[in-house]
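The values are calculated or read from the model by the stated rules, or taken from the named source; none is laboratory data. This structure is a prediction, so every number in the text was calculated from the model and none was measured. For neighbour counting, all protein chains shown are included, and Cβ atoms are generated from backbone atoms with ideal geometry for every residue, glycine included.
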Amino acid sequence: MVFKWLMASRRAYADEYAVRVNRGVELLVDRSPADAVRALQAEHGLSERQARRYVNAALATPEGVVVPERTAVFTVRLAPSLIAGLRRRARLRGQTLSAAVAEAVELYLGQAHERHGGKAR
């Protein structure tokens with residue numbers, strides 16, 4: 001029984017959160033907020049409090065939210081000066097280090113794709 005409680009106490013991943021908020025938006029089209037809460041509870045195995053939070057978020061964003069891609073840990077070794085530069089840039093832009101690195105890698109991959117005419121190298 002302890003295991004079940006541990007599983008239920010985990011915070012939702014960002015993609016799970018977005019999917020549940022978007023489902024709340026869909027439910028609110030033809031249901032009252034209270035009915036949407038009950039439907040979310042049943043569909044996702046949520047407590048009433050959790051479901052109400054998703055419905056409230058859906059009420060606040062009736063156009064829905066973007067479902068982000070789930071992230072994974074990727075360890076690399078970099079020169080300390082490069083790490084310091086990344087941290088500095090992230091801090092100046094108000095980003096997490098992960099967001100700054102992801103932005104840099106996406107920019108690099110986009111430029112590499114353009115340089116090689118969209119062909120894999």
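Output yes when any residue across the stretch 107-121 is in contact with a helix residue (DSSP H, G or I) (Cβ under 7 Å, 6 or more places away or on another chain), free of Cβ contacts under 8 Å to residues at least 24 places away in the same chain and not assigned by TED's automatic domain parsing to the domain that holds P33, and no when none is. Checked the stretch 107-121: no residue is in contact with a helix residue (DSSP H, G or I) (Cβ under 7 Å, 6 or more places away or on another chain), free of Cβ contacts under 8 Å to residues at least 24 places away in the same chain and not assigned by TED's automatic domain parsing to the domain that holds P33. Among the listed residues A104, A60, A39, A100, identify the single one that is loosely packed, with under 11 Cβ neighbours inside 10 Å and among the small types (G, A, S). Exactly one residue qualifies, and that residue is A60. Within the stretch 1-26, the set of residues being assigned to a helix (DSSP H, G or I), among the small types (G, A, S) and at pLDDT below 95 comprises A8, A14.
Within the set V37, V29, the sole residue that is out of contact with any Lys or Arg (no Cβ under 8 Å at 6 or more places or on another chain) and modelled with pLDDT of 95 or more turns out to be V29.
Let me spell it out: the conditions are (1) within 22 Å of Y13 (Cβ to Cβ); (2) in a helix (DSSP H, G or I); (3) at pLDDT 95 or above, and V65 meets all of them except one. Which number is the exception? Among (1) within 22 Å of Y13 (Cβ to Cβ); (2) in a helix (DSSP H, G or I); (3) at pLDDT 95 or above, V65 violates only (2).
Among the listed residues R77, R53, which satisfies the condition of being free of Cβ contacts under 8 Å to residues at least 12 places away in the same chain, exposed (fewer than 12 other Cβ atoms within 10 Å of the Cβ) and among the basic types (K, R)?
Details: R53 fails: exposed (fewer than 12 other Cβ atoms within 10 Å of the Cβ).
Result: R77 is the single residue among R77, R53 that is free of Cβ contacts under 8 Å to residues at least 12 places away in the same chain, exposed (fewer than 12 other Cβ atoms within 10 Å of the Cβ) and among the basic types (K, R).
Between E106, E43, E114, which is closer than 16 Å to L27 by Cα and out of contact with any Ser or Thr (no Cβ under 9 Å at 6 or more places or on another chain)? Working first, answer last.
On the way: E106 fails: closer than 16 Å to L27 by Cα; E114 fails: closer than 16 Å to L27 by Cα.
So the residue among E106, E43, E114 that is closer than 16 Å to L27 by Cα and out of contact with any Ser or Thr (no Cβ under 9 Å at 6 or more places or on another chain) is E43.
Within the stretch 72-117, the residues that satisfy the criterion of being closer than 19 Å to A14 by Cα and in a helix (DSSP H, G or I) are L97, S98, A99, A100, V101, A102, E103.
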